[in-house]
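Take a look at the structure below.
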Amino acid sequence: MPSFFKPASLLFLLTLFISSVAFSQNNSVRGFIYEKESGEPIIFTNVYLYRTSYGAATDVNGYFTISKVPDGNYTLMVTYLGYDTLRENISMKGGSVVTRKLYLDKASYSLKGVSISAEYQDMRTDTRTSVVKITPKQIKQIPAIGGQSDLAQYLQVLPGVIFTGDQGGQLYIRGGAPIQNKVLLDGMVIYNPFHSIGLFSVFETDILRTADIYTGGFGSAYGGRISSVMDLTTRDGNKKRIAGKAGASTFGSKLLIEGPIVKDKSDSKGSSSFILSFKNSYLEQSSKTFYTYIDKNGLPFNFMDLYGKVSLNSSNGSKVNAFGFNFTDKVNYKAISDFDWDAAGGGLNFVVIPGSSPVLLEGTIAYSSYKISLAEQNTAPRSSLINGFNAGMNFTYFLGKDQLKYGIELLGFTTSFNYVNSVARTIDQTENTSEIAAFVNYKISRNKFLIEPGFRAQYYASLSDFSPEPRLAVKYLATNRLRFKMAGGFYSQNLIAANSDRDVVNLFYGFLSGSGNLPDSVNGNLRKHSLQKAQHLILGMEYDPSRTINLNFEVYYKYFSQLTNINRNKIFKDESPYNDPSSISYKPEYLRKDFIIETGNAYGFDVSMKYDHNNLYVWFVYSLAYVNRDDGIEQYVPHFDRRHNINLVTSYQFGKEKLWEVNLRWNFGSGFPFTQTQGYYEELSFEEGIFSDITTQNGTLGILYSAYNKGRLPYYHRLDGGITKKFQLRENSVLEINVTITNAYDRKNIFYVDRISNQKVYQLPLMPSAGVSLSF
């Protein structure tokens with residue numbers, strides 16, 4: 001550990017030195033833009049010097065920097081649809097750095113226009129390849145299943161994203177498994193973001209500020225995963241007044257409360273605020289009243305999520321956030337499986353603006369843990385635990401229209417896993433590991449080109465493996481309406497999934513550290529490292545037929561050059577005489593190693609069309625995807641290989657004050673692969689070894705499986721609809737009532753088939769729900 005902090009300290013001092021020299025001859029204006037009513041940062045708004053070409057857009061913290069400005073007197077302007085234009089006179093000369101905190105007053109309630117303006121600007125100043133930026137307003141434009149809008153429901157309509165079911169479903173992004181998707185909440189690692197029912201995430205929609213979903217080709221600031229990244233940021237609490245929201249539905253309830261600790265008085269003084277959120281599911285109890293036609297014993301889903309945050313803001317906009325969470329989930333499938341998981345953690349993040357240097361300094365230090373256990377009928381229990389910390393520090397320089405960002409990151413965690421495979425061999429692992437990384441990214445804006453080269457150096461201490469990872473993103477602005485883009489890079493990770501491919505109900509989502517107990521070769525080639533690695537290439541095009549319509553097309557290829565999975569074929573221990581080539585008892589690696597090495601491919605294309613104007617919002621997405629794996633013995637498709645996926649979302653507001661809203665979502669997907677049953681046999685346990693009497697012993701029914709995942713389930717499709725009515729009770733008080741129908745035409749989508757009884761169990765049937773909430 002000391003060997004890490006010494007170079008980190010030198011890097012920090014070098015950064016301050018560079019910033020004081022590199023910008024000594026340039027004037028800069030920087031600051032934060034806030035909403036005057038709540039004190040919340042206004043993101044992605046335009047800030048510029050009137051009658052010049054100097055300008056910038058605010059980031060997720062409401063921060064902006066305009067640099068390399070000549071000496072002179074200027075008018076600083078801030079424009080954002082729905083707010084009054086702000087003007088302020090400033091004077092700069094001799095390498096001055098001007099810092100401002102600015103507040104915008106609301107002019108009109110016109111969120112539709114705000115959304116179009118912010119996205120329209122962002123598409124021209126950011127490469128935006130394989131990334132979707134989500135706000136709470138967008139999440140609320142799809143039917144609120146269970147009476148509660150949720151990120152998990154919105155993610156299911158994104159290009160390249162596959163969910164495997166309403167119950168026990170997991171997120172798969174462009175051929176990547178959940179273990180290959182990194183989830184960050186305020187910079188803190190979240191190990192399982194979704195509850196078992198598949199309709200709800202652990203995140204409360206009303207506390208989110210933004211959610212950036214990178215489906216591939218992500219930049220050098222992110223590492224440790226080989227498929228995708230979800231980076232979520234929560235908002236601060238209201239800095240002006242006590243506010244909140246309480247709600248209840250047929251599925252569950254929630255409560256949010258926020259307010260100032262020290263009020264923001266829009267002057268040079270600092271402020272502080274808090275925000276707390278709670279939500280839970282009582283579906284197991286309420287379903288016995290509302291949904292007895294589904295299961296008279298009730299639907300066995302229970303969860304509870306708690307999140308809290310305190311924000312301390314200085315007079316110049318620098319701030320520190322302290323946050324913590326506890327997420328729990330419990331499911332009891334009668335006579336099939338009983339499982340629960342618990343996640344908890346907390347940490348700090350900060351944004352610092354040094355007084356004499358136009359550099360933005362950001363950092364995070366956090367701790368999180370996740371533990372899960374599962375017991376299934378006729379199967380030995382399994383359990384998994386991961387806990388540890390992550391810390392990082394980033395430095396961003398604004399060089400006119402260019403931008404330089406670099407940083408360091410440190411992770412340390414412990415994993416523990418216990419599992420018994422189908423031939424009664426125990427796999428037990430406890431590991432401590434650490435990772436150290438450094439990255440640099442340079443964003444270049446030249447005429448019609450946006451170019452973002454990057455490089456990440458990732459060192460995995462427990463495996464003694466170093467991974468150099470170049471990254472690149474490019475966008476060409478062909479016309480005001482047409483843009484071409486590409487992104488790609490090299491990626492690596494250490495964590496391994498602790499899942500069994502033959503789970504009846506695929507709920508178990510555990511973690512393992514990379515192991516040295518691996519085969520020595522990969523498809524006949526000598527293994528050079530113990531990491532999982534992938535390479536991405538994405539090519540795309542954006543076209544705007546008008547200001548209200550956006551078309552996006554992307555074709556992608558991910559090559560998984562090395563994947564590590566649990567060896568479901570292990571029969572023998574990896575010890576003498578089984579691992580001795582000179583012994584007659586020698587066994588091949590795939591029969592004795594704890595893990596196997598695979599390679600794989602994921603490729604396809606996504607096309608989407610978005611229309612957003614006045615009262616109407618329409619989003620159409622089609623995805624064609626292919627995913628395959630090769631474990632050196634057989635080639636197969638994983639259980640999440642869905643060939644075709646279509647999503648159609650529409651939302652319409654009406655009424656005098658647009659207080660009514662109706663929304664629809666239709667999803668169509670081709671069938672998932674599954675392993676067919678070939679036959680049955682009597683399975684004897686041989687409890688007394690060679691002394692067992694097979695003539696008197698009663699065996700159990702064993703299953704003979706056909707070729708792995710050669711069958712296909714029927715096509716899946718479902719229509720959801722909802723209607724919402726708002727009542728404006730007072731200036732800051734709104735009552736909201738919604739009614740939703742899930743699976744409106746009662747499609748019988750297969751969940752799983754009991755191999756013994758041949759009984760079919762279906763996904764959620766037609767399910768009406770209702771909810772009410774009060775904002776104050």
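The values are calculated or read from the model by the stated rules, or taken from the named source; none is laboratory data. The model shown is predicted, which means the values in this text are computed figures rather than measured ones. In this analysis, Cβ positions are derived from the backbone assuming ideal geometry, glycine residues included, and neighbour counts consider all displayed protein chains. All accessible areas refer to the heavy atoms of the entire protein, side chains included, with ligands and DNA or RNA removed. Shrake-Rupley method; radii C 1.70, N 1.55, O 1.52, S 1.80 Å.
Taking (1) modelled with pLDDT under 95; (2) part of a strand (DSSP E or B) in turn, P765 satisfies each apart from (2). Taken over segment 554-610, the criterion of being closer than 19 Å to G540 by Cβ and of a type in the set (D, E) is satisfied by E554, D606.
Annotation note: Cβ proximity below 6 Å between a residue of segment 683-697 that is modelled with pLDDT of 70 or more and a residue that is part of a strand (DSSP E or B) (sequence gap 6+ or interchain) occurs for E683/T700; E683/G702.
Candidates in segment 76-93 are the residues that are open to solvent by less than 70 Å² (accessible area, probe 1.4 Å) and of a type outside the set (A, V, I, L, M); of these, the one that is nearest to N614 (Cα to Cα) is G82.
Taking the condition under 30 Å from F278 (Cα atoms) and aliphatic (A, V, I, L, M), does A707 pass?
Working: under 30 Å from F278 (Cα atoms): no; aliphatic (A, V, I, L, M): yes.
So A707 fails the test.
Among the residues of segment 352-379, those identified as open to solvent by less than 10 Å² (accessible area, probe 1.4 Å) and either part of a strand (DSSP E or B) or of a type in the set (D, E) (or both) are V359, L360, G363, A366, S368, Y370, I372, L374. Scanning segment 215-243 for residues that are open to solvent by less than 10 Å² (accessible area, probe 1.4 Å) and not in a loop (DSSP other than H, G, I, E, B) returns S228, V229, M230, L232, T234, A243.
Restricting segment 737-762 to residues that are at pLDDT below 85 and among the polar types (S, T, N, Q), the residue that is farthest from T164 (Cα to Cα) is S757.
Note on segment 299-350: among residues that are within 22 Å of E40 (Cα to Cα) and among the aromatic types (F, W, Y), the one that is surrounded by the fewest Cβ atoms within 10 Å (Cβ to Cβ) is F350. Is at least one residue of segment 276-292 farther than 20 Å from G198 by Cα and either within 27 Å of the chain's Cα centre (by Cα) or assigned to a strand (DSSP E or B) (or both)? Looking for residues that are farther than 20 Å from G198 by Cα and either within 27 Å of the chain's Cα centre (by Cα) or assigned to a strand (DSSP E or B) (or both), one finds at least one in segment 276-292, hence yes. Flag: K748 does not match the condition of being charged (D, E, K, R) and open to solvent by less than 50 Å² (accessible area, probe 1.4 Å).
Scanning segment 184-206 for residues being aliphatic (A, V, I, L, M), buried (at least 23 other Cβ atoms within 10 Å of the Cβ) and outside any loop (DSSP other than H, G, I, E, B) gives a total of 2. When every residue of segment 207-214 is checked against the conditions, at least one turns out to be in a strand (DSSP E or B), acidic (D, E) and either closer than 22 Å to E469 by Cα or open to solvent by 10 Å² or more (accessible area, probe 1.4 Å) (or both).
In the set (1) at pLDDT 95 or above; (2) of a type outside the set (A, V, I, L, M); (3) open to solvent by less than 10 Å² (accessible area, probe 1.4 Å), F251 fails one condition alone, (1).
Here is a yes/no grid of residues against (1) part of a strand (DSSP E or B); (2) open to solvent by less than 20 Å² (accessible area, probe 1.4 Å); (3) among the small types (G, A, S); (4) more than 22 Å from K533 (Cα to Cα):
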site	(1), (2), (3), (4)
Y559	yes, no, no, no
Q562	yes, yes, no, no
N565	yes, no, no, no
I571	no, no, no, yes
E575	no, no, no, yes
S582	no, no, yes, yes
Y586	no, no, no, yes
I596	yes, yes, no, no
V607	yes, no, no, yes
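Please determine, by comparing only the residues of segment 365-397 that are small (G, A, S) and farther than 18 Å from N432 by Cα, which one is modelled with the lowest pLDDT. Restricting to residues being small (G, A, S) and farther than 18 Å from N432 by Cα, the top hit is A380. Annotation note: of Y397, Y419, Y406, the sole residue that is assigned to a strand (DSSP E or B), in contact with a helix residue (DSSP H, G or I) (Cβ under 9 Å, 6 or more places away or on another chain) and over 26 Å from T215 (Cα atoms) is Y397.
If I go through segment 631-686 residue by residue, how many of them are in a loop (DSSP other than H, G, I, E, B) and closer than 29 Å to A177 by Cα? Residues in segment 631-686 being in a loop (DSSP other than H, G, I, E, B) and closer than 29 Å to A177 by Cα: 16 in total. Restricting to segment 19-53, name every residue that is at pLDDT 50 or above, farther than 25 Å from T233 by Cα and either assigned to a helix (DSSP H, G or I) or in contact with a Gly (Cβ under 8 Å, 6 or more places away or on another chain) (or both). Result: Q25, N26, N27, Y48, L49. Would you check which residues across segment 727-744 are out of contact with any Gly (no Cβ under 9 Å at 6 or more places or on another chain) and either open to solvent by 40 Å² or more (accessible area, probe 1.4 Å) or not hydrophobic (A, V, I, L, M, F, W, C) (or both) and list them? Matches in segment 727-744: F727, Q728, L729, R730, E731, N732, S733, L735, N743. Listed by first and then second residue, the pairs linking a residue in segment 748-767 that is under 15 Å from P673 (Cα atoms) to a residue that is loosely packed, with under 11 Cβ neighbours inside 10 Å, with Cβ atoms under 9 Å apart and 6 or more places separating them unless they lie on different chains, are V753/Q759. When segment 533-554 is limited to residues that are of a type in the set (S, T, N, Q) and at pLDDT below 95, the one that is nearest to I496 (Cα to Cα) turns out to be N550.
Residues in segment 507-551 that are of a type in the set (G, A, S) and part of a loop (DSSP other than H, G, I, E, B): G510, S513, G514, S515, G516, G524, S530. Each residue in segment 279-300 was checked for being within 24 Å of L185 (Cα to Cα) and in contact (Cβ under 8 Å) with a residue 60 or more places away in the chain, and 2 pass.
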